[in-house]
Amino acid sequence: NAGVTQTPKFQVLKTGQSMTLQCAQDMNHEYMSWYRQDPGMGLRLIHYSVGAGITDQGEVPNGYNVSRSTTEDFPLRLLSAAPSQTSVYFCASSYNGGDEQYFGPGTRLTVT
Amino acid sequence: KNQVEQSPQSLIILEGKNCTLQCNYTVSPFSNLRWYKQDTGRGPVSLTIMTFSENTKSNRRYTATLDADTKQSSLHITASQLSDSASYICVVSAAEMIKAAGNKLTFGGGTRVLVKP
């Protein structure tokens, strides 16, 4: 099993550009989520999904969109990148929301 | 509001020494508490889970404790090694109250541990 994979590992964007961070898992987990991690702030939940076709907002959803068309994939879209979105993004999956979270390796995003 | 507070924010210890990290929470209703280890540049990985009825659990040189009455947990690292240098994150899960409940996790800010030779 590959577990949770994320692409790309690094990305630099200019303000106003859009992009999609990819996340995939091969553990047949229903629950998937996106977090951002900033220095001194810990992990903050952006969006999550409890199954294909179902998504909901987390703590910091503004500026991000998600969709869940399959159990395996949960992409995160930045609509119009801003410097405040410079961060490290982690995707995670689990059997259900309260179980052990399996995290991907992260995507380091810089917006200039 | 559910909260998880960790202390200290960071600490430096010499290789071979012990250290203890603290986690205080106000999550209700409580389901479980996990400690994650996050190496630099990597995603967090679960070290141990504590449920309501468990007081102490060990995983190699890591020992976690839970006091559900005072809503406190600790993670003790014994005979630290250079590979223990990482951030340690306390995550508390709320019990499922309704079907298909969504987000149930509250994350602490983490403790950054640096082990020096």
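Laboratory data are not the source of any read-out in this text; all were calculated from the coordinates shown. Please read all numbers here as calculations on a predicted model, not as lab measurements. Ideal geometry is used to build each Cβ from the backbone, glycine not excepted, and the neighbour counts take in all protein chains shown.
Counting DSSP beta bridges with both partners in chain A, what percentage is antiparallel, nearest 5? Looking only at bridges with both residues in chain A, the antiparallel portion is about 90 percent.
Give A:LYS14/B:LYS37; A:LYS9/B:LYS17; B:LYS37/B:LYS71; B:LYS71/B:LYS116; A:LYS9/B:LYS71; B:LYS37/B:LYS116 a once-over and call out the pairs whose C-alpha atoms are over 29 Å from each other. In this structure, A:LYS14/B:LYS37; A:LYS9/B:LYS17; B:LYS71/B:LYS116; A:LYS9/B:LYS71 exceed 29 Å between Cα atoms.
Largest GNM mean-square fluctuation among A:VAL60, A:VAL50, A:VAL88, using chain A with Cα springs under 10 Å: A:VAL60.
Please state the shape class of the range A:1-93: rounded when a/c is under 1.5, otherwise prolate if a/b exceeds b/c and oblate if not, all from the C-alpha gyration tensor. Prolate, since a/c reaches 1.5 and a/b exceeds b/c. Remark: spin-label model distance A:GLU100-A:SER18 equals 3.8 nm, labels positioned 7 Å along the Cα→Cβ axis.
Given A:LEU76, A:THR86, A:VAL66, which one lies farthest toward the positive end of the charge dipole of the range A:27-86, if we put +1 on the Cβ of every Lys and Arg and -1 on the Cβ of every Asp and Glu? Farthest towards the positive end: A:THR86. Exposed loop sites here are trypsin sites (Lys or Arg not before Pro) assigned a DSSP state other than H, G, I, E or B and surrounded by at most 12 other beta carbons within 10 Å; excluding them, the longest clear run of chain A is A:15-112. Counting every Cα pair in chain B, what percent are over 16 Å apart? Percent of Cα pairs beyond 16 Å in chain B: 58. Distance from the Cα centroid of the range B:1-56 to that of the range B:62-93 is 4 Å (rounded to whole angstrom). Normalised by the number of residues in chain B, the average gap of Cα pairs under 8 Å and 6 or more apart makes the relative contact order 37 percent. Taking the charge dipole of chain B about its Cα centre, with +1 at Lys and Arg Cβ atoms and -1 at Asp and Glu Cβ atoms, the residue from B:SER83, B:THR111, B:ILE49 reaching farthest to the positive side is B:SER83. Within the listed set B:VAL91, B:VAL27, B:VAL45, the residue fluctuating most in the Gaussian network model of chain B (springs between alpha-carbon atoms under 10 angstrom) is B:VAL45.
The modelled label-to-label distance for the pair B:ASP69/A:ARG77, using points 7 Å beyond Cα in the direction of Cβ, is 5.4 nm.
Please check: in the Gaussian network model of chain B (C-alpha springs, under 10 Å), which one of B:SER53, B:SER73, B:SER87 has the largest mean-square fluctuation. Per the Cα network of chain B with a 10 Å cutoff, B:SER53 tops the list. Restricting attention to the protein assembly as shown, close to 90% of DSSP beta bridges with both partner residues there are antiparallel. Projecting label points 7 angstrom from Cα along Cα→Cβ for B:GLN81 and A:ALA52 puts them 4.2 nm apart. Computed over the alpha-carbon atoms, the protein assembly as shown gives an Rg to Rh ratio of 0.97, Rh here being the Kirkwood radius from the mean inverse distance.
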